[in-house]
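Below is one structure, written out as structure tokens; the observations come after it.
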Amino acid sequence: MAHPLVPQIIDLATPVAEELGLEVVGVVFHTNQSPPVLRVDIRNPEQDTGLNDCERMSRALEASLDAAEIVPDKYVLEVSSPGISRQLVTDREFISFKGFPVIISTTPPYDGQQEWTGQLIRRDETALYLNQKGRVVEIPRSLITKVQLDERR
């Protein structure tokens with residue numbers, strides 16, 4: 001379950017990223033660590049995301065977060081690139097990676113399996129469609145906990 005501050009942080013981080021020509025692809029707030037770690041994954045849509053992109057975003061976002069005073073206590077801000085093994089989250093990512101091999105995790109298990117692999121066909125409002133050696137598998141979105149690119153194939 002996402003931390004309750006994550007939506008506010010996304011709302012704050014998105015325009016900061018856009019101003020720098022970047023995109024926010026994920027935010028996780030790990031409050032079980034001391035100090036808590038706020039991790040923001042970014043992507044440069046024009047080229048490979050580099051250290052310079054992460055540094056620019058970190059400086060700009062830190063200033064915005066401090067000014068907005070959203071996070072009440074001390075925390076560590078990590079800005080990074082999720083890399084190619086990242087999870088697919090946005091509609092745009094599901095469209096971009098159509099035909100790519102993916103790993104889908106479900107909870108509870110669906111049809112006796114908790115992990116599914118195959119080629120991504122598409123995702124709609126109710127299900128994700130996977131090609132498993134020519135057979136189409138329809139997995140209900142309500143059961144899917146994670147979809148990530150499969151680097152093993």
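Once the 1.4 Å probe is applied to the protein heavy atoms, the stretch 1-142 comes out at 61 Å² accessible per residue. Summarising the label geometry, the points placed 7 Å from Cα in the beta-carbon direction at residue 73 and residue 33 lie 1.5 nm from one another. Ordering 145, 16, 117 by Cα displacement along the dipole of the chain toward the positive end leaves 117 in first place; charges were set at the Cβ atoms of Lys, Arg (+1) and Asp, Glu (-1).
Taken over the C-alpha atoms, the stretch 1-87 has Rg and Dmax values of 12.3, 36 angstrom. Each residue of the stretch 89-99 is assigned a 3J(HN,Hα), and the resulting list reads 10, 7, 4, 4, 5, 5, 6, 4, 9, 4, x Hz, derived from the Karplus form 6.51 cos²θ - 1.76 cosθ + 1.60 (θ = phi - 60°), x at Gly and Pro. How big is the charge dipole of the chain about its Cα centre, in debye rounded to the nearest 20, if each Lys and Arg gets +1 on its Cβ and each Asp and Glu gets -1 on its Cβ? The calculated dipole for the chain is roughly 720 debye. Each residue of the stretch 5-12 is assigned a 3J(HN,Hα), and the resulting list reads 7, 4, x, 5, 5, 4, 4, 7 Hz, derived from the Karplus form 6.51 cos²θ - 1.76 cosθ + 1.60 (θ = phi - 60°), x at Gly and Pro. Across the stretch 136-151, rounded Karplus estimates of 3J(HN,Hα) from the backbone phi angles (6.51 cos²θ - 1.76 cosθ + 1.60, θ = phi - 60°) give 8, 10, 10, 10, x, 4, 5, 9, 7, 9, 7, 10, 9, 5, 9, 6 Hz, Gly and Pro being marked x.
The portion of the accessible surface of the stretch 1-117 made up by carbon and sulfur, rounded to a whole percent, is 50 (1.4 Å probe; DNA, RNA and ligands excluded).
Counting only aspartates and glutamates at least 8 places from residue 146 when in the same chain, those with an alpha carbon closer than 18 Å to its own are 41, 91, 93, 111, 115, 124, 125, 138. Label point of residue 96 set 7 angstrom out along Cα-Cβ; within the stretch 1-37, amide nitrogens under 19 Å from it belong to 10-11, 13-28. In a fully extended conformation the segment linking residue 59 and residue 135 would gain 22.6 nm over its present Cα-Cα distance, using 0.36 nm per residue. Taken along its three principal axes, the alpha carbon spread of the chain comes to 52, 33, 27 Å, from the longest extent down to the shortest.
The values are calculated or read from the model by the stated rules, or taken from the named source; none is laboratory data. Please read all numbers here as calculations on a predicted model, not as lab measurements. Counting neighbours? That spans all protein chains shown, and the Cβs are built from the backbone with ideal geometry, glycine included. To get the accessible areas, we keep the full protein, side chains included, count just its heavy atoms, and leave off ligands, DNA and RNA. Shrake-Rupley method; radii C 1.70, N 1.55, O 1.52, S 1.80 Å.
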